[in-house]
1. For segment 44-107, which trypsin sites (Lys or Arg not before Pro) pass both filters: DSSP loop (anything but H, G, I, E, B) and at most 10 other C-beta atoms within 10 Å?
2. Using 1/(1 + (r/R0)^6) with R0 = 41 angstrom and r between the beta carbons of Asp17 and Phe106, what's the FRET efficiency to the nearest 0.05?
3. Ranking His68, His48, His35 by Cβ neighbours within 10 Å, fewest first, what do you get?
4. Pairs of Cα atoms under 8 Å, at least six residues apart: use those to get the relative contact order of the chain, whole percent.
5. Go ahead and set up a Gaussian network model of the chain, Cα springs under 10 Å, then flag whichever of Leu32, Leu14, Leu74 fluctuates most.
6. Treating the beta-carbon of each Lys and Arg as +1 and of each Asp and Glu as -1, no other charges, what is the dipole magnitude of the chain about its Cα centre, to the nearest 20 debye?
7. Which cross-chain or sequence-distant (5 or more) residues have an amide H under 5 Å from the amide H of Cys30, H modelled 1.01 Å from N in plane?
8. What ranking do Tyr100, Tyr70 get, fewest neighbouring Cβ atoms within 10 angstrom at the top?
Amino acid sequence: MRKARYAVARTGDLALDRGTIVPLGAGGECALFCHNGRWHATGSLCPHQNAPLQDAAVECGEIVCARHGYRFDLRTGNCSTLGGYGLPVYPVEVEGDTVYVSVWEFD
């Protein structure tokens, strides 16, 4: 297993407080959010019914799934709506205007 780092977007191309789906090499993807000046990356689908989190709103530090309103903490991925649900979260770095997301990949 190795840690891979992907340049996924430019800061000026992304909406604030809304999700944007970005590719993560080898067919993967994540949802990228900017909230209160901080960047966050999570899984791209709500675990409730696999609704895409593209355009999901961010309210009070939580992603709000547009389909049924399930809420997930941006930092931890934990669901505050119903226990047992959660999203993976990934480290994000910004260098200049480029946003990078790191994930673990199998060799």
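1. Numbers: sites: Arg67, Arg71, Arg75; in loops: Arg67, Arg75.
Passing both the DSSP loop test and the Cβ count: no residue.
2. On the way: r = 34 Å, r/R0 = 0.82.
About 0.75, to the nearest 0.05.
3. Details: His68 12, His48 15, His35 18.
Placing the least packed residue first, the sequence is His68, His48, His35.
4. Numbers: 229 pairs, mean separation 32.8, N = 107.
Relative contact order of the chain: 31 percent.
5. Highest fluctuation of the listed residues: Leu14.
6. Working: 9 positive and 12 negative charges, 33 e Å.
Once rounded to the nearest 20, the dipole reads 160 debye.
7. Val22, Leu24
8. Details: Tyr100 17, Tyr70 22.
Ascending Cβ contact count within 10 Å gives the list Tyr100, Tyr70.
None of the figures in this text is laboratory data; all of them are computed from the coordinates on show. This is a predicted model, so every value here is computed, not measured. A quick note on method: Cβ atoms are made from the backbone with ideal geometry, for glycine too, and the neighbour counts reach across all protein chains shown.
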